[in-house]
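> This is the structure I have questions about; it appears just below.
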Amino acid sequence: MANRSQIIGGLAFAAAAVAAPFLPDWVVSLATIAFANALVVLGLIVLWRAGLVSFGQALYYCLGGYVVALIARWTGFTDAFVLVLLGGIVGGIVAFILGFLIARYREIFFAMLSLALSMILYGVLVKTESLGSTDGFSVLTPTFIGYAPHRDALNLALYWLTLGICAFSALGVGAYFRTIAGALAAPVRDNEIRVEFLGVSVSHVIHVKVVIAGILGGLGGGLAALAIGHVDPNMAYWTTSGSFMFVAILAGAGSVAAAFVGSLLFEGVRSFAADTMPQFWQMILGTALLVTILFVPEGLGSLLLRLRRRKARPS
Amino acid sequence: MLTALSILTDGLAYAAYLFIIAIGLTLIFGVMKILNVAHGSFYAFGAYGAATAVGIYFNGHDWNAAGGFLFMVIAGMAIGLVLGLVLERGILRWVYGKDEVIVVLVTYAVFLILEDLVVLIWGAQSYPAYQPLVAAGSIDLGDLVLSNYDIVLVVLAALLAVGSSWALRFTRYGRLLTTVIFDREIAAAFGINVTVVYTVTFLIGAMLGALSGAVMAPKISVTLGIGVEVIVLAFAVVAIGGMGSIEGALVGALIVGICRAAAVHLVPQIELFVIYGVMAAVLIVRPYGLFVRAQPRKI
């Protein structure tokens, strides 16, 4: 079963990679940002499986973005692979340090503390004039091991880089879900004291999840910074976290693929709405979120699972 | 010395403003266990309603300014009442009993919808409503200038604090509330109509949220996105004091107010940082806030 979904996922990624040169330019840029954001959403899903909602995941997203932008600006080093990787590493390290604190919290308190931490970063960035305050600053054009593409070629290269990192992350998170620590997510959510009676440290399990989500957030932020070519403090604002949470809830915690499909759908609808009816965009979002929570609480990904189950058991 | 005094007065005025916002939020959380993100929308609707009311009242008339203030407050609270009623009866009652974090997301969805509704109703331009602030005038104490309007706000916040704790302790409805806060199911078993208590509480909370927007309208430029900023501030205040505690909201508002005023006067670069820094620091030491005792874990 696991193998089959890996094959399907691999094929989907391969198809997405091969299709790119034949797609219009704007679709490729849109998909790049959507997949970069999907990494953050994937991190949220890792947490959400254990019943944790983070209203501050934008902290790692913003960190990743600023790390990429700052290293390129200070050292002139522009290799995309290394920069994005560094973004992920910094996200992971910060998550590791904050994890000692945040892994002790649950439910609403987890959400509030993560919110506070991301707003601290926002507050610092907004007042740092050397980094452009609220305007932020632009990111140098990245290179790929000496290859320095421009315009369309750059878009494609970034897209493939994003796809590659997404594929690795999806594989990694999928593998993590099948480990014991990953499988303990649902029991932790249901009743963590019983999990502790099994001899497992719940806060350790959660700490690992926080770090994974941090790394994914950093990677996503780094990729998004390169793709957009600009970073600003709004990357750390709570509404950014909110929209990641939105995609996670919409997609549901059921599967890894849901994060990518959900994020692509989200960016697609967003650019469509921004073109045709910008004044209704948040209203559409809010309504979709409400309908999802009220009628499909497991997320849209669960509809597929339900369909598959029905097929498996013909009545 | 002057700096210390102005930190104190600015801090108090800001704390009053924060408390008026936070009290509705903490009341709703205390009774219903709902962390209401849509409180930011109540604030925004209250502010827009008040600005419209001020526009109508002062435009071309030479009526009494105090009446204008009253009209503004009533208009704001009326909007809060209607909005609260629609929300509670229309949406929230379907999600009672769901996970707390799920309900947060529901209110977040409502918040998103209402953000656009504001634009639909009032458009994208900003509304000035400075007339009550100007009409109130100011007092000079040596080098220190105090706006009378700020004094009114502080008095209003103090009245709310005293009034709410009095109402909780000594009125029949307050006693009922305390029972529901303590244990919802036992309260229901004793014949308290929890549904009605919920509705009334939510309406009071919504009206307080709109009231905070209304009284702030003259001090700020009523424009898009005010709800977004306010709601995280209110979260910080409520989290510091302890969610659901009115004394907590008061102390949280004072702490944040004074700290921010001190930062603004001494090191303006850290203005925003200070608010959330204090919040994180308090949560590290007391995860449930200053005025709420830790809950025992249930097996």
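None of the figures in this text is laboratory data; all of them are computed from the coordinates on show. The model shown is predicted, which means the values in this text are computed figures rather than measured ones. Here the Cβ positions follow ideal geometry from the backbone for every residue, glycine too, while neighbour counts run over all protein chains shown.
> Please give every one of the aspartates and glutamates within straight-line cross-link reach of A:Lys127, meaning a C-alpha to C-alpha distance under 19 Å, and leave out same-chain neighbours fewer than 8 residues apart.
Correct list for A:Lys127: A:Asp135, A:Asp232, B:Glu229, B:Glu271.
> So what's the gap between the Cα centers of segment A:218-253 and segment A:256-289, to the nearest angstrom?
The two parts, judged by their Cα centres, are 14 Å apart.
> While we're looking at this one, here's another question. Select from B:Leu120, B:Tyr43, B:Leu81 the residue farthest towards the positive end of the dipole of segment B:22-224; place +1 on Cβ of Lys and Arg, -1 on Cβ of Asp and Glu, and compute about the Cα centre.
Farthest along the dipole direction, towards plus: B:Leu81.
> If I histogram all Cα-Cα distances within segment A:28-115 using bins 10 Å wide from 0, what percent of pairs lands in each bin?
Spelled out per bin, shortest first, that is 16, 44, 29, 11, 1.
> Which is farthest toward the positive dipole end of the protein assembly as shown among A:Val188, A:Ala273, A:Leu140, measuring Cα position about the Cα centre, with Cβ charges +1 (Lys, Arg) and -1 (Asp, Glu)?
Going by the Cα projections, it comes out as A:Val188.
> Can you tell me the dipole magnitude for the protein assembly as shown around its Cα centre, using point charges on the Cβ only (Lys, Arg +1; Asp, Glu -1), in Debye to the nearest 20? Present the calculation step by step, with values, prior to reporting the outcome.
On the way: 32 positive and 28 negative charges, 486 e Å.
With Lys and Arg at +1 and Asp and Glu at -1, about 2340 debye.
> Taking square-rooted eigenvalues a ≥ b ≥ c of the alpha carbon gyration tensor, is segment A:180-315 rounded, prolate or oblate, where a/c under 1.5 means rounded and, failing that, a/b exceeding b/c means prolate? Could the numbers behind the result be given before it?
Numbers: a/c = 2.19, a/b = 1.27, b/c = 1.73.
Judged from the Cα gyration tensor, segment A:180-315 comes out oblate (a/c at least 1.5, b/c at or above a/b).
> Using just the alpha carbons, could you tell me how many Å³ per residue the convex hull of the protein assembly as shown encloses?
Numbers: hull volume 110.6 nm³, N = 614.
Each residue corresponds to 180 Å³ of Cα convex hull volume.
> Tell me the Kirkwood radius of segment B:25-166: reciprocal of the mean inverse pair distance over distinct alpha-carbon atoms, in Å. All intermediate terms of the calculation are to be shown ahead of the outcome.
Working: mean 1/r = 0.0576 Å⁻¹.
Evaluated on segment B:25-166, it is 17.4 Å.
> Using modelled amide H (1.01 Å from N, peptide plane; none on Pro or chain starts), what sits under 5 Å from the amide H of A:His230, excluding residues fewer than 5 places away?
Amide H neighbours of A:His230: A:Val139.
> Return the equivalent ellipsoid semi-axes of segment A:26-312 as a descending list in whole Å, where each equals the square root of 5 times an eigenvalue of the C-alpha gyration tensor. Present the calculation step by step, with values, prior to reporting the outcome.
Working: eigenvalues 173, 102, 71 Å².
Largest first, segment A:26-312 gives 29, 23, 19 Å.
> Grab the beta carbon distance between B:Ala66 and B:Ala167, set R0 = 30 Å, and tell me the FRET efficiency rounded to 0.05.
0.75
> Then there is this: Can you give the translational diffusion coefficient of chain B in µm²/s, computed by Stokes-Einstein from the Kirkwood radius over Cα pairs at 20 °C and 1.002 mPa s?
Details: Rh = 19.8 Å.
Diffusion coefficient, whole number: 108 µm²/s.
> Note down the Stokes-Einstein diffusion coefficient of segment A:29-179 in µm²/s, whole number, using a Kirkwood radius over alpha carbon pairs, 37 °C, and 0.692 mPa s. Don't skip to the answer; put the middle values down first.
On the way: Rh = 16.8 Å.
Value of D from the Cα-based Kirkwood radius: 195 µm²/s.
> Okay, moving on. Can you compute the modelled spin-label distance between B:Asn59 and B:Val155, with each label point 7 Å from Cα toward Cβ, in nm?
Calculated label separation equals 3.0 nm.
> Could I have the simple spin-label model distance between A:Ile7 and B:Val285, label points 7 Å from Cα toward Cβ, reported in nm to one decimal?
Spacing of the two 7 Å Cα→Cβ label points: 6.0 nm.
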